[in-house]
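Accompanying notes for the structure given below.
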Amino acid sequence: MLYREAGQFKSTYAEDQQIFPIRQDRVAVALLLAVAFVAVPLFANQYWLSAILIPFLIFSLAALGLNILTGYAGQLSLGTAAFMAVGAFMAYNFVLRMPWLGVIPSFILAGLCAAGVGIVFGLPSLRIKGFYLAVATLACQFFVLWAIQRWGWITNNSPSGVIAAQKVEILGYVFDTPQRKYLLTLSIVAVLALLAKNLMRSETGRAFMAVRDMDVAASVIGIPMMKTKLLAFAISSFYCGVAGALYAYTYLGTVEPEAFTLDLSFRILFMIIIGGVGSILGSFLGAGFIILLPIFLSILFGALSHATGMQIPHSVISNLELIIFGGLIIFFLIVEPHGLARQWQIAKEKLRLWPFPH
Amino acid sequence: MYSLVALGFVLIYKASGVFNFAQGAMVFFAALTFVSLVERGVNFWLALLITLAVMVVLGMAIEKVVLRPLVNQPPITLFMATIGLTFVLEGLSQLAWGSQPHGLDLGIKDVPMEWLAQSTGMFISQFDLFASGIAAVLVASLALFFQYTRIGRALRAVADDHQAAQAVGIPLKNIWAIVWAVAGFVALVAGLMWGARNGVQYALTFIALKALPVLILGGFDSVLGAIVGGLIIGASEKLAEVYIGPMVGGGIESWFAYVIALLFLLVRPQGLFGEKIIDRV
Amino acid sequence: MNRTTLAITLAAAVGFSGGAFAQAKEQFVPANFYWVGPYAPGGSGIAGGMIDYFKMINARDGGVNGVKFTWEKCETEYNNARGVECYERSKKHPPTGATLIHPLSTGITYSLIEKGTADKIPIVSVGYGRTDAADGRVFPYIFPMITTYWSQNTAKIKFMGMKAGGMDKLKGKKIVNLYHDSAYGKETIPVLDAQAKIYGFQVTHLAVPHPGNEQQAQWLQIRQIRPDWVILRGWGVMNPTALKSAQRAGYPREQIIGVWWSGAEEDVIPAGDAAKGYIAAGFNVSGSNYAVVKDIEKHVYAKGNGEMNDKSRVGSIYYNRGVVFGIVTVEAVRKAQERYGKGKSMTGEQVRWGLENLDLNEGYLKKLGATGFMQPLKLSCMDHEGGGQVKFQQWDGTKWNVITDWIASDQSLVRPMIEASAAQYAKEKGITLRDCSKEK
């Protein structure tokens, strides 16, 4: 009853082409944003903000970046963490060496640097695809981390290769409490997510999807292969780079190159698998799922051993966590290859008909 | 040594089109099971037999539970499923046997042979010879197996086009189960070799990553490619570390293999011995 | 939406586990270690030692002046993000929040420096972490206790000097620093370079990429250099691999000196015979023949309460290191209680005072049953390190034998470097130095 689009008529082209054509969706998104911007900072405690919500937003952004590349343009990448690393370390350098720039422009520049790296390592995608390309992006993963560790300039010659992010200050306003950091992260992520949503509906987005579905066919109908693929790499890396900068500045505060291992790349890949490949919403759902799962499991086991009074050795719990994690990924791939976002869509379809399914 | 691991990958890729990322975890699982059995006082050969049985059963179970339901999915999905599998196997093996590292002594000395070192300046240990011997035997027997036995032919037919293979009456399910069982066996051999060299511990799972550039270079579907690729990568990354490494700060081994593979791919996208890729609309 | 349901369950679970602990007279210490992954042997052993020591104190003495220790385990996977999440989860734990935290990872320590300082929770990194944090004026809440990497490195050079028959004999010697390519591995490069200038030896730094199971190339280089000593700064699988590769390269293991993270049973057993003769530094020793370990066996294991599934690991290097972690934690709380009220639960800020005034002299160690088990330790507002001494032990194929007494580090070299580096950090961050003479 509630989710009904009957009676909503589009009388102009502009109306027909809005990002969210259904009124209920618009209301829902506005509500969600309102809750995220106003209610959450007021009521969430510090643990929630700095240990769950901020990383959730950051990983959503990284997953979004990967989703643009893998989900929309069909190029599998295992180098997400490397692009994040470029973003994090370049942001550090821009803030350090050009303090007059301000933080937000530094983040953007860092994202552009990541995009540059993405283009370079995206070049092989013109020749190779599939697994071979995946391995090519692995080369990027290892090379970038190595370069960061070796090149003293990037870490400002810190002997241990660890950098400490500077204070985040915009127009004299210091973002130091978890609430403020959260708001900053949220704003950046919200803007970029809307941009992505829009971009994917544009000509570029459609070109991406054509390449994904069959690149030979796409080039036959006149989509410039080189431009499209490299653009996908660039945009994706830009998103990952900004996510990396946020990771350093609003989440951990310090970063070392080892934080951006292959493991992180895999984790982000899992996010889009579970959330939904080729879906903006899916990136968010997947990130939330992957971040909350281990925390939820360990708390569950803790509660279980309290309730039963049984002492489960911790090593067993830790290993069970791994098994459940891996098992769930397989489960999702088998049962719902389109991820949580697909479930959400099905739910919407049902809602449309509810309560009269026939 | 890399070739041994790479072989496991090639095998499965050839027959089922799956790039099995979990091969490294399988190697770890096999080695750990074997060592734990031996340490619990089980006779060497008996332990070998039990582990072999476990690995075969494990391989078949993986095929049945994970991959059977995913038949006809895009290869990338299968690939990601095996990453999930890696997590499960790592957790499982440490759950069963604990996370302590173990030593594994096969009774073969891993010290350079004096006379050889003095006469030619080459440092080769008995263990090196033994390992290459094992690899050679394994490769030869697998090649024969693929080329001349009925099952081998069936395997190749399946790899080519599994629908056509099924149409001519090849029992698809059995074939895949066999492939995974053999992959389990190869994992065991690789696990023993690597375990004896570096000790049996978690890091065994990382060798899968090392095998990747080998595969790329050699081509995913070629046994010969796996061996030649293994040699080229092994030699060139060591040489690069020694001669180029000091100039740029060392530690280039971690990515050098990938860059070689990458450059190579630009010239020949299907690898050294891979089958030609033809694009069709 | 899925996320919200999850969130609700989660919140409920947090509330539940929190409620169960809400009793007075407890002292909460988070046990944020790791039980899975490549470094699990170290993480699980140290966790076991520390928790067993708490259990022993609770069982034998009824806690510290009646305040019992509680803990909650959290898996960090040796991963920064997970470590920070564990920290955030544990820091508000009742009754007084986290007393202090052993992050057990150099990376996590770095991530917690600012958070711990802001939340007033001491970050205790025994034998790892950020070296220059030993300057307590800049880092009031960070305690790289007992010995830092820089200190132990000078002790190693001293040990080499002893072997060579005097520090002046080091001139012209060649040393290779084989390090794990990470923050941890790179920490000592500046100290080694500085010492190389002073004593006139040559040092070559060779990086081993993570995880370190491939070292043929590095050992090939070592064969070309023919160094007099190889310093091994490994972690996890890198150690046995190094020893095996050394054997293959024909390099004598007696000339390899490991850092303490390269010197546990778990590091040498996988290498088998190749490890014989290998020397490692350590700030604690192995063996269960100490009163404190005996007490743990009597009060904890005899009742079947032990933390280790495999009892043979009690008394191993990592386990005993965990006991050392336990001892400094308990004693810091005891010290804090002397000032802020016996029989009360201490806050992080109070325990920080306890840590800064910690004085574990020989007599005190004897009371604890830890004579020879660990070194005397005295911390202050200026000096958050304390001891700085190490013992060297040699592996004979079955066990570690201590071959030297405590060797002191060269503080005249290390301390100025620490202060210079800390001052630079303070400048970058705009921190004003604490005036230690005004501390009560």
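The values are calculated or read from the model by the stated rules, or taken from the named source; none is laboratory data. All figures in this text were calculated on a predicted structure; none of them were measured in a lab. Cβ placement follows ideal geometry from the backbone for every residue including glycine, while neighbour counts extend to all protein chains displayed.
Matching residues to (1) away from chain C (no Cβ under 11 Å); (2) touching a residue at least 40 places away in the same chain (Cβ under 8 Å):
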site	(1), (2)
A:Leu246	yes, yes
A:Tyr251	no, yes
A:Thr254	no, yes
A:Phe260	no, yes
A:Phe270	yes, yes
A:Gly275	no, yes
A:Phe284	no, yes
A:Gly288	no, yes
A:Leu297	no, no
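Would you confirm whether any residue within segment B:169-189 is within 14 Å of chain C (Cβ to nearest Cβ), at pLDDT 75 or above and part of a helix (DSSP H, G or I)? Scanning segment B:169-189 turns up no residue that is within 14 Å of chain C (Cβ to nearest Cβ), at pLDDT 75 or above and part of a helix (DSSP H, G or I).
Scoring C:Lys120 on the criteria (1) of a type in the set (Lys, Arg); (2) touching a strand residue (DSSP E or B) at 6+ places or on another chain (Cβ under 7 Å); (3) more than 13 Å from chain A (Cβ to nearest Cβ) leaves a single failure, condition (2). Scanning segment C:109-125 for residues that are surrounded by fewer than 24 Cβ atoms within 10 Å (Cβ to Cβ) and part of a loop (DSSP other than H, G, I, E, B) gives a single hit, C:Lys120. Within segment A:296-303, can one find any residue that is modelled with pLDDT under 85, under 23 Å from the mean Cα position of the chain (by Cα) and within 23 Å of A:Ala63 (Cβ to Cβ)? Checked against the condition, which is being modelled with pLDDT under 85, under 23 Å from the mean Cα position of the chain (by Cα) and within 23 Å of A:Ala63 (Cβ to Cβ), segment A:296-303 yields at least one hit. Residue under question is C:Ala332, and the condition is that it be touching a residue at least 40 places away in the same chain (Cβ under 8 Å), under 24 Å from C:Val67 (Cβ atoms) and more than 14 Å from chain A (Cβ to nearest Cβ); does it hold? When the stated conditions are applied, C:Ala332 passes them. Within segment C:77-96, not a single residue is surrounded by fewer than 22 Cβ atoms within 10 Å (Cβ to Cβ) and among the small types (Gly, Ala, Ser).
Restricting attention to segment C:223-234, does a residue exist that is within 14 Å of chain B (Cβ to nearest Cβ) and out of contact with any strand residue (DSSP E or B) (no Cβ under 8 Å at 6 or more places or on another chain)? Within segment C:223-234, one or more residues are within 14 Å of chain B (Cβ to nearest Cβ) and out of contact with any strand residue (DSSP E or B) (no Cβ under 8 Å at 6 or more places or on another chain).
For (1) surrounded by 21 or more Cβ atoms within 10 Å (Cβ to Cβ); (2) under 17 Å from A:Ser77 (Cβ atoms); (3) among the β-branched types (Val, Ile, Thr); (4) out of contact with any Cys (no Cβ under 8 Å at 6 or more places or on another chain), each residue gets a yes or a no:
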{"residue": "A:Leu96", "(1), (2), (3), (4)": "no, no, no, yes"}
{"residue": "A:Pro99", "(1), (2), (3), (4)": "no, no, no, yes"}
{"residue": "A:Ile104", "(1), (2), (3), (4)": "no, no, yes, yes"}
{"residue": "A:Val117", "(1), (2), (3), (4)": "yes, yes, yes, no"}
{"residue": "A:Phe121", "(1), (2), (3), (4)": "yes, yes, no, no"}
{"residue": "A:Leu126", "(1), (2), (3), (4)": "no, yes, no, yes"}
{"residue": "A:Phe131", "(1), (2), (3), (4)": "no, yes, no, yes"}
{"residue": "A:Val135", "(1), (2), (3), (4)": "yes, yes, yes, yes"}
{"residue": "A:Ala139", "(1), (2), (3), (4)": "yes, yes, no, yes"}
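Among the residues of segment C:250-264, those identified as within 13 Å of another protein chain (Cβ to nearest Cβ), touching a Pro at 6+ places or on another chain (Cβ under 9 Å) and at negative phi are C:Tyr251, C:Ala264. Can you name the residue in segment A:34-60 that is away from every other protein chain (no Cβ under 14 Å), surrounded by fewer than 14 Cβ atoms within 10 Å (Cβ to Cβ) and modelled with pLDDT of 80 or more and is also nearest to the chain's Cα centre (by Cα) among such residues? The selected residue is A:Ala34. The condition of being of a type in the set (S, T, N, Q) and under 21 Å from B:Phe87 (Cβ atoms) does not hold for A:Thr250.
Here the condition is being within 14 Å of chain B (Cβ to nearest Cβ), assigned to a helix (DSSP H, G or I) and over 24 Å from the mean Cα position of the chain (by Cα); of A:Gln149, A:Gln141, it holds for A:Gln149 alone. B:Val54 meets all of the listed conditions (1) within 14 Å of another protein chain (Cβ to nearest Cβ); (2) surrounded by 14 or more Cβ atoms within 10 Å (Cβ to Cβ) but one, namely (1).
Condition check ((1) within 21 Å of the chain's Cα centre (by Cα); (2) of a type in the set (Gly, Ala, Ser); (3) at pLDDT below 85; (4) assigned to a helix (DSSP H, G or I)) across all residues:
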site: C:Tyr78; (1), (2), (3), (4): yes, no, yes, no
site: C:Gly83; (1), (2), (3), (4): yes, yes, no, yes
site: C:Tyr87; (1), (2), (3), (4): yes, no, no, yes
site: C:Pro94; (1), (2), (3), (4): no, no, yes, no
site: C:Gly97; (1), (2), (3), (4): no, yes, yes, no
site: C:Leu104; (1), (2), (3), (4): yes, no, no, no
site: C:Gly107; (1), (2), (3), (4): yes, yes, yes, yes
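Here A:Ala193 clears all of (1) within 13 Å of another protein chain (Cβ to nearest Cβ); (2) surrounded by 14 or more Cβ atoms within 10 Å (Cβ to Cβ) except the condition numbered (1).
So that you can scan it fast, the table gives a plain yes or no per residue for (1) free of Cβ contacts under 8 Å to residues at least 60 places away in the same chain; (2) surrounded by fewer than 23 Cβ atoms within 10 Å (Cβ to Cβ):
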{"site": "B:Ala143", "(1), (2)": "no, yes"}
{"site": "B:Gln147", "(1), (2)": "yes, yes"}
{"site": "B:Ala181", "(1), (2)": "no, yes"}
{"site": "B:Gln201", "(1), (2)": "no, no"}
{"site": "B:Ala211", "(1), (2)": "no, no"}
{"site": "B:Val214", "(1), (2)": "no, no"}
{"site": "B:Leu217", "(1), (2)": "yes, no"}
{"site": "B:Glu237", "(1), (2)": "yes, no"}
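Just one of the numbered conditions (1) within 12 Å of another protein chain (Cβ to nearest Cβ); (2) crowded, with 20+ Cβ neighbours inside 10 Å; (3) in contact with a strand residue (DSSP E or B) (Cβ under 9 Å, 6 or more places away or on another chain); (4) without any contact (Cβ under 8 Å) to a residue 40 or more places away in the chain is not true of C:Lys73; which one? Condition not satisfied by C:Lys73: (4). Here A:Phe260, A:Phe270, A:Phe238 are screened, and the one residue that is in contact with a Gly (Cβ under 6 Å, 6 or more places away or on another chain) and buried (at least 24 other Cβ atoms within 10 Å of the Cβ) is A:Phe238. Of the strands (runs of 3 or more DSSP E) entirely within segment C:199-314, those holding at least 3 residues that are more than 30 Å from C:Ala370 (Cα to Cα) occupy C:202-208.
Just to be sure before I move on: is C:Pro270 out of contact with any strand residue (DSSP E or B) (no Cβ under 7 Å at 6 or more places or on another chain) and not polar (S, T, N, Q) in the structure I sent?
For C:Pro270, the condition - out of contact with any strand residue (DSSP E or B) (no Cβ under 7 Å at 6 or more places or on another chain) and not polar (S, T, N, Q) - is not met.
For segment C:199-222, filtered to residues that are surrounded by fewer than 23 Cβ atoms within 10 Å (Cβ to Cβ) and of a type in the set (S, T, N, Q), the residue that is farthest from the other protein chains (Cβ to nearest Cβ) is C:Gln202. In segment A:91-108, is there at least one residue being under 20 Å from A:Leu269 (Cα atoms), assigned to a helix (DSSP H, G or I) and in contact with a Phe, Trp or Tyr (Cβ under 6 Å, 6 or more places away or on another chain)? No.
Suppose the filter is in a helix (DSSP H, G or I), aliphatic (A, V, I, L, M), surrounded by fewer than 21 Cβ atoms within 10 Å (Cβ to Cβ) and within 10 Å of chain A (Cβ to nearest Cβ); does B:Val65 pass it?
For B:Val65, the condition - in a helix (DSSP H, G or I), aliphatic (A, V, I, L, M), surrounded by fewer than 21 Cβ atoms within 10 Å (Cβ to Cβ) and within 10 Å of chain A (Cβ to nearest Cβ) - is met.
Answer yes or no as to whether C:Ala133 is buried (at least 24 other Cβ atoms within 10 Å of the Cβ), within 14 Å of chain B (Cβ to nearest Cβ) and of a type in the set (A, V, I, L, M). No. The condition (being out of contact with any strand residue (DSSP E or B) (no Cβ under 7 Å at 6 or more places or on another chain), within 26 Å of C:Ala81 (Cα to Cα) and in a helix (DSSP H, G or I)) is satisfied by just one residue among A:Leu76, A:Leu32, A:Leu112: A:Leu112.
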